[in-house]
Every structure is written in C-alpha cells, then in structure tokens.
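> Submitted below is the structure of interest, expressed as structure tokens.
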Amino acid sequence: METPISVVINERIKIYDVLHNDENQLVIIMPSSRRLGIYKVDGENKKKFTFHQCGHGHTYVYILEEETKYEENIKLLIDNVSIETRVKKYKCYEDKILMSTMVYNEDNYIRQWIKFHKNMGVDKFIIYDNSTNYDNQSHHSKENKSNLKELLKDLIKEGIVLLINWPYPKRESKVKISGQACQQNHSINAFKKSKYIGLFDIDEYINIQNECGDINSFIDGIIKEEKIEELGNVGGFSFKNKFFYNPHRKSEEGYEFLKIFDCGPLINSIKDRCKNLIIPKNVITHCVHEITKGKKVYGVSKEKAYFNHYFYLNKEGRGKDNNGKTDDSIMKHTKGLF
C-alpha cells in the first residue's frame, strides 16, 4: 500500500500529499482552508507554486509549473514557515485507462467492480483506502472492517491495482466533501499522462448500450462520429446516472446484484448526478460530478451509454423503492462473471 506524504503546518493547515507527478511537476494536494503562499526553496532561490482552487471550495491544488527532477526530500516555505518534507513518487501510467475511487469498508463488492471494468478495457485501478476514517456524516457500508491489502494482493502484485492509504475524512462538514474531492484531484494531477481517468464509485457500473464492451473503442467511436477532431478542447466524457433498486430483496451476493433490473428513470443531465471519464492533461480540478477547472465535458447521449448506479449495494435501508421500471441492458457485458 502506498502512503501519501501528509504534512501538518498547524491545526488549521494540513497537506494531504506532496508529490512529483509524471510530468515532472511538484504538486501539493490539500483541503481548502485559506490561500497560502508556497515556495520551493533551493539555497537562496525560491520558486512559487501556482494556486488552483476547486470551484466548489473543497480542494486546493498547488503546482510548481516548472519541470523539476525528482528529489526524495525538499525544502518548502509555506506562509513564511520553513519545512523539510519527503516527496511521493507514484507509478507512471502513460496512455492507460484508469479508474480512480475512494472506498470505505467495501470489501464485499470491490473485486466485482474491478473485474467488470477490467473486462471493459480499463487498464489500472487507483484505489484510495478510506477505511480508517469514518466521518459520521456520509452514507457508509454495512461492513465494519476492511483489509484491502490482503483482499487485493494478487491484483496489486499483477500491477492492476494501486492501493493508496487515504486516512482523511470524506466530509469535513455536511457540505464540504474534501476527502473525496481531494482524492479525485490527487489522481488527476498525479497521473497526468494517463489517457483517461474514470471517477466512479464502486456501486456505479458503466453501461455501454451497443455490443461493444470496450471503453477505448467506444470513446474512439464518439470522437469519430461527433467529429471531435481536437481532444485538446475536451476535458472528458460525462455519463448520465440511472438508479437501480432492490425492492424485492433479491440476492446481492457476488455478481447477483447485476441481475436485479428494477430501476428509476435515467437522469438526463450532465450536471445532476453524472460521473466523468476525465482527460487528465486537460483538467486541473474536479469535484464529484463535474470539472471545476479545465476544458468542458462532452455529454455522452443516453442512447449510447450511461451508468447503472446500484446505490443500495452494501448499504442498510437504502434503495428499496419500487419505481415500476426495469432495465436489463447491463447483461450483455457480464459474460464470464457468473
């Protein structure tokens, strides 16, 4: 398991990670507090980090735009306080399709989510383990323990999963979801050279509506069909949400929940409840459902794809409604799962 470099300046200022990304930039990820002046100090020279704020006010991202070689230890000046810190270096996943998610005690269902999306062409999974910090405010798994390091050890060994310890509260308050927002911005700014990063929860399954189950080919088809000639103008691709329910208390074990077809209407909006497949080189900040700094998203039409949101999964007393609608279209992507 990878551990970020956490730095506490005082009780009010806590850095979640200091990292050197795959574009040779130094990056600092932290929850929003107050804007800081941050410099890298080399002898008598000081180089200032550029400040970026998530538009929803959850995350601060500081980037030293000038390329710099990796150093295991550096000196920073933060609001005139001098500190020495280690610097984290993560693997480079150049031109790979990634899925990034934060989980709290979801051991019962995380392997299913990984396997399903691996079958659809996702190369690597960045899993942020949040099991050591429940914020007492968010919906949470009914599981009371977690051991992802053991559960995913084969996938970690194969290089399919990168497991990151993320011991930060998902919510600092009812309206401030800094833990999850920081997780997403961490991935976007650490793995800049990756091709796409999907920012989905593990109860959310991409459901391409044609027979093509390959995400890369699907996006290539959209680019060609919609004549998106310059990806430099696109921040990512937005998928709409469809809630699924289990009113009849059918089995949710293993992959059986995928056979539960009760659902609500598709939410036909690229702002409300959507999730995104990000092009990281074109995005600086993101918050849960939308890009907050970067190029605009392209909204994938509901006829082409959306995602099934099994929001009852692993939760007590949630998602038991009966809306009278059904959708079994996910089944064409489940070959070999049962």
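A short reminder: the numbers here are calculations on the coordinates, not readings from a lab. What you are looking at is a predicted structure, and each value in this text was computed from that prediction instead of being measured. When we count neighbours, we look across all protein chains shown, and the Cβ atoms used for this are built from the backbone with ideal geometry, even at glycine.
> Quick check: anything in the stretch 253-263 surrounded by 16 or more Cβ atoms within 10 Å (Cβ to Cβ), of a type in the set (Val, Ile, Thr), part of a loop (DSSP other than H, G, I, E, B) and without any contact (Cβ under 8 Å) to a residue 60 or more places away in the chain?
Yes.
> Here is a further query. When you check residue 227 against the structure, is it assigned to a loop (DSSP other than H, G, I, E, B) and either hydrophobic (A, V, I, L, M, F, W, C) or without any contact (Cβ under 8 Å) to a residue 60 or more places away in the chain (or both), yes or no?
Working: assigned to a loop (DSSP other than H, G, I, E, B): yes; either hydrophobic (A, V, I, L, M, F, W, C) or without any contact (Cβ under 8 Å) to a residue 60 or more places away in the chain (or both): yes.
Yes; evaluated as a whole, the condition is true for this residue.
> Could you list, ordered by first residue, the pairs with Cβ atoms under 6 Å in which the first is in the stretch 283-300 and outside any strand (DSSP E or B) and the second is crowded, with 23+ Cβ neighbours inside 10 Å, at least 6 apart or interchain?
295/235; 296/235; 300/237; 300/239
> Further question on the same structure: For the stretch 316-336, check the following and say yes or no: at least one residue is within 20 Å of residue 100 (Cβ to Cβ) and either of a type outside the set (S, T, N, Q) or in contact (Cβ under 8 Å) with a residue 60 or more places away in the chain (or both).
Within the stretch 316-336, the subset within 20 Å of residue 100 (Cβ to Cβ) is none.
No, every residue in the stretch 316-336 fails to be within 20 Å of residue 100 (Cβ to Cβ) and either of a type outside the set (S, T, N, Q) or in contact (Cβ under 8 Å) with a residue 60 or more places away in the chain (or both).
> Would it be correct to say that residue 287 is in contact with a His (Cβ under 7 Å, 6 or more places away or on another chain), surrounded by 20 or more Cβ atoms within 10 Å (Cβ to Cβ) and under 15 Å from residue 305 (Cβ atoms)?
Details: in contact with a His (Cβ under 7 Å, 6 or more places away or on another chain): yes; surrounded by 20 or more Cβ atoms within 10 Å (Cβ to Cβ): yes; under 15 Å from residue 305 (Cβ atoms): no.
So residue 287 does not fit the description; no.
> Within the stretch 32-45, can you find the residues that are part of a strand (DSSP E or B), surrounded by fewer than 14 Cβ atoms within 10 Å (Cβ to Cβ) and touching a residue at least 24 places away in the same chain (Cβ under 8 Å)?
42
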